[in-house]
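Colleague: The structure follows.
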Amino acid sequence: MAEPTAAPLMYDWSFKSHEECQNYYANVTMDGGVWCNATWDHILCWPPSPPDTQVELPCPPLKGVDPTQMAHRRCTGDGQWQGRVLDAGPEDPTEGWSNYTMCFIPEIRQLMDKLYASSEEDAKLKMQVASTGRVMETVGLAISLATILVSLVIFSSFRSLRNNRTRIHWHLFVAMKIQLVIRLTLYIDQYIIRSLHSDDYTPRGIDNTPVLCESFYVLLEYARTAMFLWMFIEGLYLHNMVTITVFQDKPNYRVYYVLGWGLPVLMTAVWAVVTAIKYTDTECWWGYNLSPYFWILEGPRLTVIVTNLLFLLNILRVLITKLQATLSSETHQIKKAVRAAIVLLPLLGITNSLQMVHSPLDSNLVQFAVWTYFSTFLTAFQGFFVALIYCFMNNEVRAALRKSWEDYYSQRCIEDNRRLSLASFQIYRVHGPASKKHSQDEANGSVAQEIHVTSV
């Protein structure tokens, strides 16, 4: 049984249709019975193959794929590609099934095993839930970014708000802003690429541009790490203010800056170097957040959440102790404690703990949907809630805005009165003498008319 003539393996990225694939192998000699025809599975072009053989091609360099591995197809003894017929018809005559299982990196294979654990239909429904969750996340990130930007403008505009607490808030908001801008940029870029992509055209975007894509994700992880560390600084400062009565000195902002902005540089650099070595052959480090190396960043972030949770519990203990010293009822004390805990949750980053837990893909659809929507809502709208509670509902901010409005209104009234007085003076100066002359003319005319009537 003769083997097909050797054909160059171009990763077959030039093929955009089944017809192109067949034309490419038109000159291949097929001897010894019925062979499997050349076919294009929308990714790779598979050459004509003799029966009872397994054909292998290098995996395509796509997201989450290891191009050093091999994809394979099997040609059966009757000269047909093994597997189901994929949309067979005059417009899409693709036959058989291409096995790309070994192409995916181990982390992606684990996710796919969980996703398809029950049934293919259930997996499709979960993908729809994830797609809806992405829309919710995009909306939440946009709202959070808008409120964070307004908060930064407010904090920067009023000198009365430049105290120790709001100064820490400002740096936390800046870290959030950087993260939100990068994440929204990536999401919008992905949406545009998907909408413009077709079989014969793949637009160039961030996700498929080497170096640029990795740079975006490095900056994103740096901003997330800085955000968590500034949340730790928020928790530390608040804890010291509430629980340590001697903590009255001005904070050492140099230490805060090194901790909040400098330490994330070191952590992100270590993670980026390790990830670059590990994901050399994977496009844009896709799936890096599923690898064990991601704990170089996630470990300190989780430590921040646990530490802030301990801060919160101690703050609530001190608060309840102080409330018990008053004559307020127990119900009133509990309400105050619960309200304080809810207010501090987004500021201290405790709501991010759900995001660090991998999605329950192997659970039923309802559980997966509840987890997806709830965790997405908390993380996407975190910036909105932080800005709402610590800026727009802050008494100092509201007092500064009220005073600014009153000053503006008073100045506006003064300007209006000044312009009105000036306008009245101008009218009197221009029209005053003319009005007198007009009255004298009218009087003289009346006298003349009266003399004329008398004489007649």
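Colleague: Find the centroid of the Cα atoms in the stretch 30-82 and in the stretch 394-410, then give the distance between the two in whole Å.
Modeller: 72
Colleague: Find out how many positive minus negative residues lie around Lys63, taking Lys and Arg as positive, Asp and Glu as negative, among other residues whose Cβ is under 9 Å from that of Lys63.
Modeller: -2
Colleague: Within the set of other residues whose C-beta is less than 13 Å from the C-beta of Phe368, count the net charge using Lys and Arg as +1 and Asp and Glu as -1. All intermediate terms of the calculation are to be shown ahead of the outcome.
Modeller: Details: positive: Lys114, Lys124, Lys126; negative: Asp122, Asp362.
With Lys, Arg at +1 and Asp, Glu at -1, the net is +1.
Colleague: Then there's this: Place the peptides 383-392, 50-59 in order of packing, highest mean first, counting for every residue the other Cβ atoms within 10 Å and averaging per peptide. Kindly include the intermediate steps, with their values, before the conclusion.
Modeller: Working: 383-392: 20.8, 50-59: 16.3.
Answer by packing, highest mean first, reads 383-392, 50-59.
Colleague: Here is a follow-up. Projected onto the charge dipole of the stretch 127-396 (+1 at Lys/Arg Cβ, -1 at Asp/Glu Cβ, origin at the Cα centre), which of Thr209, Gln355, Leu229 gives the Cα projection farthest towards the positive end?
Modeller: Looking along the dipole axis, the top candidate is Leu229.
Colleague: Explain nothing, just compute: Karplus ³J(HN,Hα) = 6.51 cos²θ - 1.76 cosθ + 1.60, θ = phi - 60°, for every residue of the stretch 99-115 in order, whole Hz, x for Gly and Pro.
Modeller: Coupling constants for the stretch 99-115: 8, 9, 4, 6, 6, 6, 5, x, 5, 5, 4, 5, 4, 5, 4, 5, 5 Hz.
Colleague: Enumerate the amide H contacts of Phe104 below 5 Å, restricted to partners 5 or more residues apart or on another chain; note that Pro and chain-start residues carry no placed amide H.
Modeller: Residues meeting the criterion, in which the H sits 1.01 Å from N, are Asp66.
Colleague: Could you tell me the number of lysine pairs in the stretch 127-396 with C-alpha atoms less than 30 Å from each other, where the two lysines are 8 or more residues apart or belong to different chains?
Modeller: Working: Lys177/Lys250; Lys177/Lys278; Lys250/Lys322; Lys250/Lys336; Lys322/Lys335; Lys322/Lys336.
Lysine pairs satisfying the spacing and distance rule in the stretch 127-396 number 6.
Readers should treat all values here as calculations from the given coordinates under stated rules, not as data from a laboratory. None of the values given here were measured: they were computed from a predicted structure. Cβ atoms come from the backbone with ideal geometry, glycine included; neighbour counts cover every protein chain shown.
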